[in-house]
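Colleague: First the structure, which I've put down as structure tokens, then a few questions once you've had a look.
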């Protein structure tokens, strides 16, 4: 029963975080304190096992490493640390690590598909050339087709994907989580809220874990 409560707490935490992340691109620390604190209090009911402790260590290490190398913003790192406390394991799965893998894969695939669709529309339907203003090699232009696109008027949360080097315009494929969002008609990369992908990844992971057990129970009942 305690595990089910932890699942509900974790899902609610990411739902709240994703809501504020999408709406304001800012998550107040009180969110992590409330949900993470609630998860910690539950250990008074059931003490963590060795695997749980190892999973917490893995989650905290991942979050700290990603934040140190500026792959995650502070809120994303706190989200992963909070999850490590709330739901370190479930059915022998190390939840923080598994969720990060799934969420990262989803975000990468989504970004690539979005960029391909946007660039294809610009090139084929709008009959406009792309990347002509850049002084870049062919292979980097091909990579850019999958990684960046020209910002549309309705896009709010995107990072600049171009820079000037010695008077020449160059691609900027790597961004800093603390960058300011781009507001001009420049080439940009997506800055979709990572907590939204965390939520999707967690839901997908939980369903992946529990559905076989539900199916097995139904088969037994039918027999």
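Colleague: Highest GNM mean-square fluctuation, the chain, Cα pairs closer than 10 Å: which of 76, 21, 135?
Modeller: Fluctuation is largest for 135.
Colleague: Note the angle between two axes, namely the Cα long axis of helix 74-86 and the longest principal axis of the Cα atoms of the chain, as a number of degrees from 0 to 90, rounded to the nearest 10.
Modeller: 20 degrees
Colleague: Still on this structure, please answer the following. Just for the Cα atoms in the range 88-143, what are the lengths along the principal axes, largest first, rounded to whole Å?
Modeller: If we take the Cα atoms of the range 88-143, the spans are 52, 25, 12 Å.
Colleague: Starting from 0.36 nm per residue, how many nanometres of slack lie between residue 135 and residue 64 once their C-alpha separation is accounted for?
Modeller: Extra length available between residue 135 and residue 64 comes to 21.9 nm.
Colleague: Okay, moving on. Determine the relative contact order of the range 107-190: mean sequence separation of Cα pairs under 8 Å and six or more apart, normalised by residue count, in whole percent.
Modeller: It rounds to 31 percent for the range 107-190.
Colleague: Follow-up. Distance from the Cα centre of the range 1-63 to that of the range 81-141, in angstrom?
Modeller: Centre-to-centre distance over Cα atoms comes out at 25 Å.
Colleague: While we're looking at this one, here's another question. In degrees between 0 and 90, to the nearest 10, how far off the longest principal axis of the chain does helix 138-147 point, with axes built from Cα atoms?
Modeller: 50 degrees
Colleague: Please list the equivalent ellipsoid semi-axes of the range 1-61, computed as the square roots of five times the alpha-carbon gyration tensor eigenvalues, in descending order and whole angstrom.
Modeller: Semi-axes from the Cα gyration tensor: 24, 13, 10 Å.
Colleague: Springs between alpha-carbon pairs under 10 angstrom, Gaussian network model over the chain: which of 170, 156, 129 fluctuates most?
Modeller: 129
Colleague: Still on this structure, please answer the following. Rounded to the nearest 10 degrees, what's the angle between the helix 50-68 long axis and the longest principal axis of the chain, both from Cα atoms, 0 to 90?
Modeller: 20 degrees
Colleague: In addition: Convex hull over the Cα atoms of the chain, averaged projected area in nm²?
Modeller: Approximately 16.2 nm², given one-decimal rounding.
Colleague: Oh, and also: Okay, helix-only estimate at 222 nm for the chain: each DSSP H run of n ≥ 4 adds -39500 (n - 2.57), divide by all residues, round to 500 deg cm²/dmol; what do you get?
Modeller: About -20500 deg cm²/dmol.
Colleague: Would you compute, for the Cα atoms of the range 58-105, the largest minus smallest coordinate along each principal axis and list the three values in descending order, in whole Å?
Modeller: Result for the range 58-105: principal-axis Cα extents of 32, 22, 14 Å.
Colleague: Quote the Stokes-Einstein diffusion coefficient, in whole µm² s⁻¹, for the range 107-190, based on the Kirkwood radius over alpha carbon pairs, a temperature of 4 °C and a viscosity of 1.567 mPa s.
Modeller: 99 µm²/s
Coordinate-derived values only; no laboratory data. Note that the structure is a prediction, hence the values are computed from the model and not measured.
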